[in-house]
């Protein structure tokens, strides 16, 4: 088991700890609604040190990554990243990855839970002129999330941070150490992530908290991201990707370059595209709870799907969920029946995603 | 409070057919107006338009607005811009206008 470099801090500050893959870190600091409010209205700080970090280099690195990922790696310029999928030959998913292009090498980032599986897959498909190094333990990762998150790097790095685009990254010096600051995030809010040498993680964490005090920064656990991600229909790799799920079933078509010459899983993806996926992941809302994962969904007496993931949205005051539904019925704007845990049937509404514009996006649009 | 109305297959199928028509038109506007290197079938209904997903920018947004206004003969206000989150949310907006009789397919 690996412990976050912030382990002692989390313990001292009464955080709840949980294993993510093989990595122990803070899952919760405060009541859920307080952490949710920080992310949606203000700014939260989250220890994401457990994320998997794999450095890929070598003569044919771009060609190779382009082969193992569904997206187009050749279109990624230095200082930018792409969010894409790594598939098996049958089109099922190994991991969703964020790939940063840093001159002649790449940094592949994914969830802590995917570390072993992704490394095994990369090594199985490795070519001679590509080097793969797992540097997960060499760096901590601190994320700041929320409509006011942009203020933190402005304070501790520079005002110039405003020009860093979504999916962009840069090398910065803070105090006496180097770090990578990248913009990513699946909540619809500003999110800045600092990749920092492991031994400097606590120093940076304290510096961010000190600077964020005037903004009212809130320490949040990693689980605080779950509902904001769900509201945006962002895929939770642990909950939403079932072993047989494919990018088309997850409606992640935008992660695929259908026209590049080859990638692992291309034949399966094109075949599924031509016939149409048999099921799709759709979003639903329900005013009432009383259901759970795997509860079945019906239209009249026909079973057409099941719940994979759900939670309560404090903003909308409804239950929000994701369900796999037979493709012929996988459309927003309809109502279906969900068999609740007490065997009664609830009417749920299939809805369009993302559910709303976040304060961050509204702020950007209003200039 | 529990929703207890009965869901009938025929009603659902009618709604789906109508949405399919709108989704198809919206996707065609995206592909043609923005010269996307994609076919209509390759765009998922819930594809985000900005940020991740199709990664459009503000100029693309204006192109889509003009395309939607021309195709459906409606005018889109600044307030309506919040519906430009995904293909599906644009379809919601058109279908709502259809229900009010403000749009014809």
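Taking residue A:250, is it outside any strand (DSSP E or B), in the same structural domain as residue A:154 (by TED's automatic domain parsing) and crowded, with 16+ Cβ neighbours inside 10 Å? Can you show your working first?
Working: outside any strand (DSSP E or B): yes; in the same structural domain as residue A:154 (by TED's automatic domain parsing): no; crowded, with 16+ Cβ neighbours inside 10 Å: yes.
In short, no.
State whether one or more residues within the range A:296-306 are within 28 Å of residue A:40 (Cα to Cα) and outside the structural domain of residue A:74 (by TED's automatic domain parsing).
Restricting attention to the range A:296-306, the residues satisfying the condition of being within 28 Å of residue A:40 (Cα to Cα) are none.
Within the range A:296-306, not a single residue is within 28 Å of residue A:40 (Cα to Cα) and outside the structural domain of residue A:74 (by TED's automatic domain parsing).
Answer yes or no: is there a residue in the range A:332-350 that is within 22 Å of the chain's Cα centre (by Cα), buried (at least 18 other Cβ atoms within 10 Å of the Cβ) and either assigned by TED's automatic domain parsing to the domain that holds residue A:36 or part of a strand (DSSP E or B) (or both).
Filtering the range A:332-350 down to residues within 22 Å of the chain's Cα centre (by Cα) leaves none.
Among the residues of the range A:332-350, not one is within 22 Å of the chain's Cα centre (by Cα), buried (at least 18 other Cβ atoms within 10 Å of the Cβ) and either assigned by TED's automatic domain parsing to the domain that holds residue A:36 or part of a strand (DSSP E or B) (or both), which makes the answer no.
Can you tell me which of A:226, A:214 is free of Cβ contacts under 8 Å to residues at least 24 places away in the same chain and out of contact with any helix residue (DSSP H, G or I) (no Cβ under 7 Å at 6 or more places or on another chain)?
Numbers: A:226 fails: free of Cβ contacts under 8 Å to residues at least 24 places away in the same chain.
Every option except A:214 fails the conditions.
Is at least one residue of the range B:55-63 touching a strand residue (DSSP E or B) at 6+ places or on another chain (Cβ under 9 Å) and modelled with pLDDT of 90 or more?
No, that holds for no residue.
Select the helices (runs of 4 or more DSSP H) contained entirely in the range A:1-100, then report the ones holding at least 3 residues which are assigned by TED's automatic domain parsing to the domain that holds residue A:220. Quick ask: steps written out before the conclusion?
Numbers: elements: A:7-12, A:32-41, A:61-68.
The helices (runs of 4 or more DSSP H) meeting that bar are A:7-12, A:32-41.
Only one residue in B:30, B:52 is within 28 Å of residue A:363 (Cβ to Cβ) and without any contact (Cβ under 8 Å) to a residue 24 or more places away in the chain, so which one is that?
Numbers: B:30 fails: without any contact (Cβ under 8 Å) to a residue 24 or more places away in the chain.
The conditions single out B:52.
Per-residue answers, yes or no, for (1) in contact with a helix residue (DSSP H, G or I) (Cβ under 6 Å, 6 or more places away or on another chain); (2) over 21 Å from residue A:194 (Cα atoms):
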{"position": "A:5", "(1), (2)": "yes, no"}
{"position": "A:30", "(1), (2)": "no, yes"}
{"position": "A:54", "(1), (2)": "no, no"}
{"position": "A:58", "(1), (2)": "no, yes"}
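If we only count helices (runs of 4 or more DSSP H) wholly inside chain B, which ones have 3 or more residues that are within 12 Å of chain A (Cβ to nearest Cβ)? Give the steps one after another, and end with the answer.
On the way: elements: B:9-33, B:58-72, B:87-99.
Correct list: B:9-33, B:87-99.
The values are calculated or read from the model by the stated rules, or taken from the named source; none is laboratory data. Just so it is clear, the structure is predicted and the values come from calculations on it, not from any experiment. FYI the Cβ positions are ideal-geometry reconstructions off the backbone, even for glycines, and counts take in every protein chain you see.
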